[in-house]
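Below is one structure, written out as structure tokens, with a few remarks after it.
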Amino acid sequence: MPAKKVKRVAFIGRFQPFHRGHLSVIEDLLPKFDQVLVVVGSSDKFRTPENPFTVGERHAMVKETLEDLGVKPDKFKVVPLPDIDDDEKWVKHVVKTCPDFEVVAITENPRVEKLFKKDGKKKIIKPKKKYAISATVVREEIAKGSDLQKYLPQPVISFLQKIGAARKIIDIEEELKNAENVEEA
């Protein structure tokens, strides 16, 4: 008897960091699919103001949060997706990089939606998102040492404290300012 085909959905994001908005999307998707592919975009980018966390750190944030909620390991898979900076080839790159998926979940990324619509081979859904959270704002709040409870699940807060995320973000900003000052001199 052939193995049952797994119905998968791909949810693509940078997860810089993984916040309550991302989690609410995954919670909406989990009961509807056999497996959620959490596709970590820009996996090759890190230690910049927009991408302060490595792919390994982002993977850990997702995994620790979902495990803390009791999500079985076979219900999700974290997939790193490096950038290729070529819109014409991007969807094929996603499809080649990920295990086979039938559906792509789009939240607030019009570029990703446009590229998948143009390709026309994957069904697009817009899952419910309980929280409208900007990761840019979250990164600023991390650097300030703010209370992050309204933005981040507790496992992510604990993880960020463990890796010294506030200091890392501040150091990245300082390095960038120093580099700009050198260029101006």
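Nothing in this text is a laboratory measurement; each read-out follows from the coordinates by a stated rule. Note that this is a predicted model, so its numbers are computed, not measured. Using ideal geometry, Cβ is built from the backbone for each residue, glycine included, and neighbour counts are taken over all protein chains shown.
Pairs of Cα atoms nearer than 8 Å and 6+ residues apart set the relative contact order; for the stretch 79-185 it is 16 percent.
Taking a ≥ b ≥ c as the square roots of the eigenvalues of the Cα gyration tensor, the stretch 132-171 is classed as oblate, since a/c reaches at least 1.5 and a/b does not exceed b/c. Entry note, the chain: relative contact order of 28 percent, from Cα contacts under 8 Å with a spacing of 6+ residues. Against the chain, whose longest principal axis is taken from its Cα atoms, helix 165-184 shows a tilt of about 60°.
Our helix-only sum for the chain, with -39,500 (n - 2.57) per DSSP H run of n ≥ 4 divided by its residues, gives a mean residue ellipticity at 222 nm of -14500 deg cm²/dmol.
When the pairs K72/K118; K118/K150; K117/K162; K89/K126; K7/K63; K75/K122 are compared against a 32 Å limit on Cα-Cα distance, K72/K118; K118/K150; K117/K162 fall above it.
To the nearest ten degrees, helix 135-144 and the longest principal axis of the Cα atoms of the chain are 40 degrees apart.
Note on the chain: GNM, Cα springs under 10 Å; of V137, V40, V91, the largest mean-square fluctuation is that of V137. Relative to the longest principal axis of the chain, what angle (0 to 90°, nearest 10) does the C-alpha long axis of helix 110-119 take? Long axis of 110-119 versus the principal axis of the chain: about 30 degrees. The trypsin sites (Lys or Arg not before Pro) found in the stretch 146-185 that occupy coil by DSSP, while having at most 15 further C-beta atoms within 10 Å, are K150. Rounded to the nearest 20, the size of the Cβ-charge dipole of the stretch 8-184 about its Cα centre is 960 debye, with Lys and Arg at +1 and Asp and Glu at -1. Just check the stretch 42-185 against the gyration tensor rule for me: Cα atoms, a ≥ b ≥ c as the square roots of the eigenvalues, rounded for a/c under 1.5, and otherwise prolate or oblate depending on whether a/b exceeds b/c. Oblate, since a/c reaches 1.5 and b/c is not below a/b.
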